[in-house]
Every structure is written in C-alpha cells, then in structure tokens.
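Okay, structure first, notes after.
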Amino acid sequence: MQKFYKVFLVLFIVFIAVNLYALDWRSEVLSEDNLKFVFSILCAVLGLILLFVLNTWSKIGLKKQ
C-alpha cells in the first residue's frame, strides 16, 4: 500500500473512532443528536471501501505493465 493510501487509512480510522466516542449511547442511534455522527461514520466507512478499491486498482495496473 502506498504512503498516500496509508495516510487516508489512518485518517478514516481516526474519524470513525472519534465519532464512535462522540455518540450518545443512552439514546437511539438514529436520534436527532446522533444523526450527524452516524452520517460521519458512514462516510468514513465509504471512504475506507473506496480506499481499498483504489488500492486494488493501482495494483492491477502495475501488474499489466
């Protein structure tokens, strides 16, 4: 994995951890107070998925040359 991808991997993991810490676990997950944190977690997970897809595509491109 390239250094560029590793930086974003750490960044997305930190975003997920911070937002999990900020959630109010006593109320519902999809309550109005927690909704911004849930959306942020979902965006970070989507970023992780995209990161692994881009990393895989870059490896496929290197093998063909």
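Descriptive notes on the structure:
- Selection count where residues are assigned to a helix (DSSP H, G or I), β-branched (V, I, T) and either open to solvent by 60 Å² or more (accessible area, probe 1.4 Å) or over 25 Å from M1 (Cα atoms) (or both), scope the range 12-44: 4
- Of residues in the range 45-65 being of a type in the set (S, T, N, Q) and in a helix (DSSP H, G or I), the one surrounded by the fewest Cβ atoms within 10 Å (Cβ to Cβ): T56
- Residue in the range 1-11 that is nearest to L62 (Cα to Cα), counting only those that are open to solvent by 70 Å² or more (accessible area, probe 1.4 Å) and touching a Leu at 6+ places or on another chain (Cβ under 8 Å): M1
The values are calculated or read from the model by the stated rules, or taken from the named source; none is laboratory data. The structure displayed is predicted, hence computed values, not measured ones. Ideal geometry is used to build each Cβ from the backbone, glycine not excepted, and the neighbour counts take in all protein chains shown. Ligands, DNA and RNA are excluded from the accessible area calculation, which covers all protein heavy atoms including side chains. Shrake-Rupley method; radii C 1.70, N 1.55, O 1.52, S 1.80 Å.
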